[in-house]
1. From the set of residues in region B:141-155 that are hydroxyl-bearing (S, T, Y) and either closer than 15 Å to B:V562 by Cβ or outside any loop (DSSP other than H, G, I, E, B) (or both), which is nearest to the chain's Cα centre (by Cα)?
2. Does region A:90-129 hold any residues that are within 19 Å of A:W55 (Cα to Cα) and without any contact (Cβ under 8 Å) to a residue 24 or more places away in the chain, and which are they?
3. Taking the condition of being within 10 Å of another protein chain (Cβ to nearest Cβ) and over 15 Å from B:P452 (Cβ atoms), how many residues in region B:74-97 meet it?
4. Which one is least open to solvent (accessible area, probe 1.4 Å), of the residues in region B:478-520 that are more than 14 Å from every other protein chain (Cβ to nearest Cβ) and closer than 20 Å to A:S117 by Cβ?
5. Could you say whether any residue in region A:199-209 is at the interface with chain B (Cβ under 8 Å from one of its Cβ atoms), open to solvent by less than 40 Å² (accessible area, probe 1.4 Å) and more than 25 Å from B:N219 (Cα to Cα)?
6. Based on this model, can you work out whether B:Y237 counts as touching a Gly at 6+ places or on another chain (Cβ under 7 Å), within 13 Å of chain A (Cβ to nearest Cβ) and not basic (K, R)?
7. Quick check on region B:180-194: of everything there that is charged (D, E, K, R) and assigned to a loop (DSSP other than H, G, I, E, B), which residue is farthest from B:A431 (Cα to Cα)?
8. If I go through region B:156-178 residue by residue, how many of them are part of a loop (DSSP other than H, G, I, E, B) and either in contact with a Ser or Thr (Cβ under 9 Å, 6 or more places away or on another chain) or surrounded by fewer than 21 Cβ atoms within 10 Å (Cβ to Cβ) (or both)?
Amino acid sequence: MNHTSRTLSRRRLLASAAALPILAASAADGRSLSGTVPWSPFAGEPPRPVNPLGWYFFTPGEAATIEAIVERFIPGDHLSPSGKDCGCAIYIDRQLAGSFGQASRLYTQGPFLPGLSTQGYQGDLTPAGRYRLGLRALSDYTNTSYKKDFRALTAEQQDEVLAGLDGGKIKLKLKPGFSTKEFFELMLQNTMEGFFADPLYGGNKGMASWKMIGFPGARYDYRDHIDKHNQPYPHGPVSIYGQA
Amino acid sequence: MARLLPKKDVVIIGLGWTGAILAQQLTDAGLNVVAIERGPWRDTPTDFNVAYVQDELRYAVRKDLFLQPSVEAMTMRNNPGQTALPMRDYGSFLPGHGVGGAGVHWNGHTWRFWDGDFQIKTHLTQRYGAAKIKTLQLQDWGVTWNEIESSFDQFEYLCGISGKAGNIKGQTQAGGNPFESPRSREYPTPPMKMSYAPTLFAQTVKEMGYHPFPTPSANLSQAYVNPLGVRMGQCTYCGFCERFACGNYSKASAQTTILPVLMKKPNFEARTECEVLKVNLTPDGKMAKSVTYIDANGAEFEQPGDMVLLCAYGLMNVRMMLLSRIGKQYDPATAAGTVGRNYCYQTSAGARMFFEGKRFNPFIGAGTLGQSMDDFNGDAFDHSKLDFVGGAGINCVVTNGRPIGNRPTMPGSPRWGAKWKQATVDGYQNAMGFSAQGSSYPVRENYLDLDPTYKDRHGRPLLRVTFDFPDNDIAMSHHISDQMEMMTKPFNAKYAAVSRLKKGWDAVPYQSTHNTGGAIMGSDPKTSAVNKYLQSWDVPNVFVVGASAFAHNAGLNPTGTVGALAHWAAEAITTKYIKSPGALVPA
């Protein structure tokens with residue numbers, strides 16, 4: 001996530017609360033609040049827009065492959081620019097470089113045992129680790145089958161490979177607990193996240209996806225349109241950082 | 001060594017809906033109360049900032065406000081013969097975290113269970129005979145409708161619920177839910193305005209002879225000042241409600257209804273970012289004397305108190321009882337023991353329809369913007385010729401059109417590529433649906449206990465959830481799906497389909513954060529963990545408040561009944577327990 005961490009924010013809160021007489025004498029670390037509704041300035045955690053330059057997680061080769069993949073998932077046409085041009089690869093890179101990539105919020109203690117389909121992902125790889133392994137295995141597959149890296153294939157060949165991953169015809173050499181299908185679903189999910197998220201995360205440049213479907217974005221008040229049934233909403237999208 | 005702190009009258013574990021309600025009532029009665037909350041302080045102007053709260057990725061996808069599995073996970077399996085594994089990410093349900101709890105990011109559907117629910121075994125046995133329910137572990141709750149109606153009323157007026165009564169003191173009211181149990185007065189505020197899809201739903205099913213009404217909503221139709229003097233604002237239909245906190249003060253939560261008053265009281269203290277590890281009992285195990293908690297820096301403290309109230313999320317209440325040895329673990333092999341008994345969930349199905357040339361504007365939404373019908377819910381219809389009991393509320397609620405999670409395409413469309421894009425554009429304005437929220441009835445082998453293998457960050461065992469949909473509930477759900485299929489016909493949609501529930505509860509896709517039971521209320525200490533006042537049978541200075549007390553789950557969202565139980569328990573404590581501490585019901 002691209003916003004200040006809970007820890008930093010908490011320390012700032014503690015620092016500001018320590019100056020106030022409301023802090024009870026018995027206060028442990030953690031906060032003791034009594035006698036007033038606590039408020040301190042700058043307690044919020046606004047998101048930080050990603051810097052669109054360079055790669056934080058992917059190697060140049062991996063980056064080129066991911067750019068090719070998001071280009072096939074979301075090809076450019078009259079409806080929107082392509083996933084690559086909208087920044088979906090940048091989005092995925094920044095997510096993998098952050099807490100999502102490290103699985104820092106998930107339960108990552110062992111033992112790691114094979115699970116039932118109803119029990120969800122049970123592997124020991126973080127999302128970042130899954131991308132690293134999956135992209136290497138994809139490269140091995142295309143170099144064996146086509147004698148080329150994925151990014152050097154024609155668009156038709158790329159679609160053929162992606163359809164093979166999606167439909168189960170291609171099995172990459174991954175590891176127990178992490179299937180080819182799971183790798184495909186992870187890439188597809190993250191690509192769509194980037195394309196449809198607020199542009200501050202890097203993957204929805206110019207609010208392209210929101211314009212494509214008619215989602216008004218970060219608007220927060222539709223009282224003037226709630227009872228205008230079956231009528232087009234007259235305003236275009238806005239983003240959190242005020243693009244319109 | 002834990003540092004010993006000065007004693008309080010009351011120690012509350014968890015400052016969400018129930019903790020805030022009890023703290024408010026008990027401080028009014030003059031008691032010194034401390035609420036110990038694992039998560040952070042959260043409030044509207046600082047944490048639910050209108051400048052950036054409308055962030056789907058952060059709040060709905062990465063679940064920023066929810067309990068993170070790194071803090072506390074649970075393990076799950078579908079039956080006692082399987083090995084439970086940890087839910088490494090929460091999916092099927094999403095517990096809350098921090099001040100306000102799940103009440104910060106709920107949808108706001110505010111229902112009352114029926115009078116018949118509180119005496120469900122008696123009622124169904126009288127109507128259909130004992131054989132009808134022999135596969136189920138249904139039991140009466142120990143409290144009656146007439147006793148608890150005023151507690152529902154208190155909670156609804158605290159929140160300012162927007163709705164239309166269907167039955168006031170036995171008199172049917174036009175426009176409301178004719179199947180509801182009698183209420184003492186009208187809702188505090190009128191229903192919300194309706195967008196296109198729920199309006200179309202209500203018109204269509206009404207013509208079929210059903211009885212639609214506005215879903216009772218904690219997203220308020222107009223400004224409201226509650227009995228504590230706290231002012232709430234009008235809902236703006238922003239479409240960032242469930243999974244989000246409200247930036248408009250228009251969704252009822254502890255923050256928008258109680259905390260502005262409670263926090264100013266000198267006899268109340270909130271201690272946040274402090275996690276209770278266990279409740280400490282006297283050597284004979286018959287009284288709670290204190291709680292041990294760990295603060296954000298890892299230091300341990302012991303907080304003594306005359307009473308301890310477990311007010312965490314229902315599942316965590318059960319885990320705290322097991323970790324603290326309050327009551328005896330339920331055993332599915334013998335059905336002996338009470339803690340962990342009658343864990344229930346929710347039994348859901350959905351109808352999806354696609355049209356051409358419509359403008360549903362799904363982004364105009366709110367957590368409870370919708371129309372409901374109870375014609376097939378609970379025992380509103382005759383089950384004598386059916387092979388199940390229970391039912392489902394059918395709801396057409398437009399919560400949002402946020403596009404990462406909500407961009408329906410016609411079935412058969414590809415999921416990526418140029419044709420996917422066109423299908424996404426075509427589907428976004430042309431899809432509408434309605435859903436069935438079905439009852440979940442207890443069976444012997446669905447239960448909660450401590451996991452033998454997996455531990456939390458402090459080395460304590462995780463809670464283990466053993467659950468699958470009982471045959472009764474599958475049969476109920478399929479019957480409801482049949483009704484929904486017929487209901488889709490008059491819409492003349494280009495495409496319509498209704499889902500059918502299968503065995504094998506799946507922990508991954510989101511279904512419902514309506515986990516109930518495990519510390520159920522009742523009149524028999526052999527089959528219930530708490531008495532009718534939510535007081536532990538085993539440790540009478542402990543009360544366990546939340547959906548953990550539900551002896552079964554109805555086809556209705558639980559928060560209205562949770563709020564009523566919190567008021568009911570608070571009244572018992574302030575009018576009975578304080579005067580004469582001890583067991584309020586002889587065991």
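1. Narrowing region B:141-155 to residues hydroxyl-bearing (S, T, Y): B:144, B:150-151.
Among the residues that remain, those that are also either closer than 15 Å to B:V562 by Cβ or outside any loop (DSSP other than H, G, I, E, B) (or both) are: B:150-151.
Details: B:S150: 20, B:S151: 17 Å.
The extreme case among them is B:S151.
2. Correct list: A:G129 only.
3. Of region B:74-97, the ones within 10 Å of another protein chain (Cβ to nearest Cβ) are B:74-78, B:82-92.
Right, trim to over 15 Å from B:P452 (Cβ atoms) and you get B:78, B:87-92.
The number of residues fulfilling the criteria is 7.
4. Among those residues, the one meeting the criterion is B:S512.
5. Kept after step one, since they are at the interface with chain B (Cβ under 8 Å from one of its Cβ atoms), are these residues of region A:199-209: A:201, A:209.
Those still in the list that are open to solvent by less than 40 Å² (accessible area, probe 1.4 Å) too: A:201, A:209.
Checking the rest, the ones that are also more than 25 Å from B:N219 (Cα to Cα) come to A:201, A:209.
Within region A:199-209 (the criterion being at the interface with chain B (Cβ under 8 Å from one of its Cβ atoms), open to solvent by less than 40 Å² (accessible area, probe 1.4 Å) and more than 25 Å from B:N219 (Cα to Cα)), the answer is yes, since at least one residue qualifies.
6. On the way: touching a Gly at 6+ places or on another chain (Cβ under 7 Å): yes; within 13 Å of chain A (Cβ to nearest Cβ): yes; not basic (K, R): yes.
Spelling it out, B:Y237 is indeed touching a Gly at 6+ places or on another chain (Cβ under 7 Å), within 13 Å of chain A (Cβ to nearest Cβ) and not basic (K, R).
7. We begin by selecting, within region B:180-194, every residue charged (D, E, K, R); these are B:180, B:183, B:185-186, B:193.
Subsequent filtering for residues that are assigned to a loop (DSSP other than H, G, I, E, B) retains B:180, B:185-186, B:193.
On the way: B:E180: 30, B:R185: 37, B:E186: 34, B:K193: 20 Å.
Ranking the qualifying residues of region B:180-194, first place goes to B:R185.
8. Filtering region B:156-178 down to residues part of a loop (DSSP other than H, G, I, E, B) leaves B:160-161, B:163-166, B:169-170, B:173-178.
Then keep just the ones that are either in contact with a Ser or Thr (Cβ under 9 Å, 6 or more places away or on another chain) or surrounded by fewer than 21 Cβ atoms within 10 Å (Cβ to Cβ) (or both); that gives B:160-161, B:163-164, B:166, B:169-170, B:173-175, B:177-178.
Residues flagged as part of a loop (DSSP other than H, G, I, E, B) and either in contact with a Ser or Thr (Cβ under 9 Å, 6 or more places away or on another chain) or surrounded by fewer than 21 Cβ atoms within 10 Å (Cβ to Cβ) (or both) within region B:156-178 amount to 12.
The values are calculated or read from the model by the stated rules, or taken from the named source; none is laboratory data. Source: prediction; values computed, not measured. Methodologically, a virtual Cβ is constructed for each residue, glycine included, from the backbone with ideal geometry; neighbour enumeration extends over all protein chains shown. To get the accessible areas, we keep the full protein, side chains included, count just its heavy atoms, and leave off ligands, DNA and RNA. Shrake-Rupley method; radii C 1.70, N 1.55, O 1.52, S 1.80 Å.
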